[in-house]
């Protein structure tokens, strides 16, 4: 009898459950018709579907209850609806609205907020979403997948680096934080590694000279790192990851309301790598060991009439070393065991204050103090740099003229213990600039700008520019930009190769400022298909001509680095194409390719610039499966051959690099509230530059050149224990020397 009751209860329960389930179906459209491959799912469940060729979907056997149904398709605004399920089937339809990043606000091109589509200056935007596709502990590494931008390592021992844009050396790239030019000089070598990705809201990239707005250093282009706005940041965030090499990175963020009118954003980044590895068996560390911390605060104050007032500060400390595997701090600065050890202490202040007057006038200011205590073997390099910057900017609109006027002053203090700095270098550079963005018609805009700087060391410097934007249709934009640039060289703060290795540094003359003349044509095309696919084509061609170019000469004498103004000219020319596309079924891809020719001509002889590739490509391909809450990211780059700095005819190392590629894959799970789990493999191909080479660091077995013989002219003589006539030199480097490794991380955000 009991068995009968049990069976009856089971049957009744089964029937009851069957009656309390229903199907959800419907149709999804965009403004051009039915949309196939859109994702529809019930939030916090594994139930969902993908629309067919007619835009229809069905989610079957949904248990009775309350749900949130979500419809999403990359490039469109995600739609969420609350629904209740009982025994009746439901029909839920959706109509998507476009939400692409071309409508984002940019500030870098014109020094004022403007819709990206309306800007006469082409600006590329890379958001937090892009940076998360390949997690890195700093912005230097994060830019490796940006088309036309290449992080370049300059030393095999201490792994210093800079950022190349369109093939131009790092000192030609100006790096801004919130629009302020404080990453320069010493910090272009070491400071870039101290900017954590957790602080970044978006990165804006402008390729080509921008000296008319930003002054010296913005010759090849600029990168503006825009930090998070306190109002938009989560209440608390944490992001940490580890790698198979023993690297550990942790980002923490906290937001708080201070009273009624202030919001505080506090961020901390800690990175540690303390596991010496020597996979290429040269007794030198393959990757520099680092221990660093960065603490960031940003305050935003509410004022009457929505006037701006923000204040930010950052402190950064890093202890890094590379060298022989048996090195420790007891050997620092000695000549027994070779090591390069750098202590960096740096703080920055950035502010923006809108004056309490009727006109829109902003006072923007920044200050940085950089203290470096370093040794390269037994050579000490002790340097201090202080940079203060302030400018008043008046933003005024008159009829069809959008005007901008500014007055600025930059204070530079630099001192070190090298023979090149007999006394501290201290200079104040005042500047004036003006800009007029003229609306010629609904389809045409013209921008005229000019800047005047006075440097007591070099006199007056004038840099004009012109930009024209033509928009024949809503989906086509043509931009033409032309202008000039200039750069005042701070040799030892920018050229790390001048400090490391055994090459002698020779400065043949008083170095004059470099000047450049540039023209750039950009075409942007948006294309939509009826099945919901989207394509954005962004193509550019450019030409830049340099006079007084200052490039390190490794070729004239293999034992020297010679610096002088080029008695001739240098050019950078090329073309690039970015394709941003959304395929069906949740796949999105960003593809880029660049071809460039960077050369210098002197005495009618033209040679390609050293450490500059002819072609490069980047990609970031993502696929999200909404049912499983999993996202797959495949990112990578490829670089063509480049000329390398060998040490003479007997050097057995290749004088040209092979074509090489770094590729990464990542899987992210975001199915738990507030949490994301991610992991993957970096450098899938396990590629390192030592493959196929007899060695990377010349004379790694004799870093103090104790067994090197020289003739009376100072040239190395081949001997039985030095058959290639080499000196110790770690500058033969063009790519990361870190092989394949696993990584795993967790993110937490509390809004």
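The values are calculated or read from the model by the stated rules, or taken from the named source; none is laboratory data. A quick note: this is a predicted structure, and the numbers were derived from the prediction, not measured. Here the Cβ positions follow ideal geometry from the backbone for every residue, glycine too, while neighbour counts run over all protein chains shown.
The condition of being in contact (Cβ under 8 Å) with a residue 40 or more places away in the chain and either surrounded by fewer than 18 Cβ atoms within 10 Å (Cβ to Cβ) or in a strand (DSSP E or B) (or both) does not hold for residue 482. Has the stretch 733-747 got any residue that is part of a loop (DSSP other than H, G, I, E, B), surrounded by fewer than 17 Cβ atoms within 10 Å (Cβ to Cβ) and out of contact with any helix residue (DSSP H, G or I) (no Cβ under 7 Å at 6 or more places or on another chain)? Scanning the stretch 733-747 turns up at least one residue that is part of a loop (DSSP other than H, G, I, E, B), surrounded by fewer than 17 Cβ atoms within 10 Å (Cβ to Cβ) and out of contact with any helix residue (DSSP H, G or I) (no Cβ under 7 Å at 6 or more places or on another chain).
Do we find that residue 665 is surrounded by 17 or more Cβ atoms within 10 Å (Cβ to Cβ) and either assigned by TED's automatic domain parsing to the domain that holds residue 375 or in contact (Cβ under 8 Å) with a residue 60 or more places away in the chain (or both) in this structure? For residue 665, the condition - surrounded by 17 or more Cβ atoms within 10 Å (Cβ to Cβ) and either assigned by TED's automatic domain parsing to the domain that holds residue 375 or in contact (Cβ under 8 Å) with a residue 60 or more places away in the chain (or both) - is not met. For the stretch 2-44, residues that are part of a loop (DSSP other than H, G, I, E, B) and either within 23 Å of residue 89 (Cα to Cα) or modelled with pLDDT under 50 (or both) total 7.
Look at (1) free of Cβ contacts under 8 Å to residues at least 60 places away in the same chain; (2) crowded, with 20+ Cβ neighbours inside 10 Å; (3) over 20 Å from residue 588 (Cα atoms) and you find that residue 82 fails only one, number (2). Residues in the stretch 507-552 that are at pLDDT 75 or above and assigned to a loop (DSSP other than H, G, I, E, B) were compared, and the one that is surrounded by the most Cβ atoms within 10 Å (Cβ to Cβ) is 549. Just the residues that are at pLDDT 60 or above and either surrounded by 21 or more Cβ atoms within 10 Å (Cβ to Cβ) or touching a helix residue (DSSP H, G or I) at 6+ places or on another chain (Cβ under 7 Å) (or both), please, taken from the stretch 490-506. The answer is 490, 505. Does residue 649 qualify as being assigned to a loop (DSSP other than H, G, I, E, B), free of Cβ contacts under 8 Å to residues at least 12 places away in the same chain and under 30 Å from residue 700 (Cβ atoms)? Answer is yes for this residue.
Of all the numbered requirements in (1) touching a strand residue (DSSP E or B) at 6+ places or on another chain (Cβ under 8 Å); (2) surrounded by fewer than 20 Cβ atoms within 10 Å (Cβ to Cβ); (3) part of a loop (DSSP other than H, G, I, E, B), residue 689 misses one, and that requirement is (2). In the stretch 276-291, is there at least one residue being in the same structural domain as residue 702 (by TED's automatic domain parsing) and either farther than 30 Å from residue 701 by Cα or touching a helix residue (DSSP H, G or I) at 6+ places or on another chain (Cβ under 9 Å) (or both)? There is at least one residue in the stretch 276-291 that is in the same structural domain as residue 702 (by TED's automatic domain parsing) and either farther than 30 Å from residue 701 by Cα or touching a helix residue (DSSP H, G or I) at 6+ places or on another chain (Cβ under 9 Å) (or both). Checked against the criterion of being at pLDDT 95 or above and at negative phi, the candidates 413, 433, 462, 405 yield just one match: 405. Taken as a whole, the structure places residue 200 among residues that are in the same structural domain as residue 126 (by TED's automatic domain parsing), surrounded by fewer than 23 Cβ atoms within 10 Å (Cβ to Cβ) and either modelled with pLDDT of 85 or more or in contact with a strand residue (DSSP E or B) (Cβ under 6 Å, 6 or more places away or on another chain) (or both).
Every residue, every condition in (1) closer than 23 Å to residue 155 by Cβ; (2) surrounded by 16 or more Cβ atoms within 10 Å (Cβ to Cβ); (3) in contact with a helix residue (DSSP H, G or I) (Cβ under 8 Å, 6 or more places away or on another chain), yes or no:
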position	(1), (2), (3)
604	no, no, no
617	no, yes, no
622	no, yes, no
631	no, yes, no
646	yes, yes, no
656	yes, no, no
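Residues checked against (1) surrounded by fewer than 20 Cβ atoms within 10 Å (Cβ to Cβ); (2) over 14 Å from residue 353 (Cβ atoms); (3) out of contact with any strand residue (DSSP E or B) (no Cβ under 6 Å at 6 or more places or on another chain):
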site	(1), (2), (3)
296	no, yes, no
301	yes, no, no
307	yes, no, no
313	yes, yes, no
316	no, yes, no
319	yes, yes, no
325	yes, yes, yes
330	yes, yes, yes
338	no, yes, no
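Residue count for the stretch 77-125 under the criterion of being over 30 Å from residue 449 (Cβ atoms) and either at pLDDT 70 or above or not in a strand (DSSP E or B) (or both): the result is 22. In the stretch 421-431, which residues are within 30 Å of residue 321 (Cβ to Cβ) and outside any strand (DSSP E or B)? If the condition is that a residue be within 30 Å of residue 321 (Cβ to Cβ) and outside any strand (DSSP E or B), then 421, 422, 424 are the ones that fit.
Number of residues in the stretch 392-414 that are free of Cβ contacts under 8 Å to residues at least 40 places away in the same chain and crowded, with 20+ Cβ neighbours inside 10 Å: the value is 0. Checking each residue in the stretch 387-420 for being part of a loop (DSSP other than H, G, I, E, B) and in contact with a strand residue (DSSP E or B) (Cβ under 6 Å, 6 or more places away or on another chain) picks out 400, 417.
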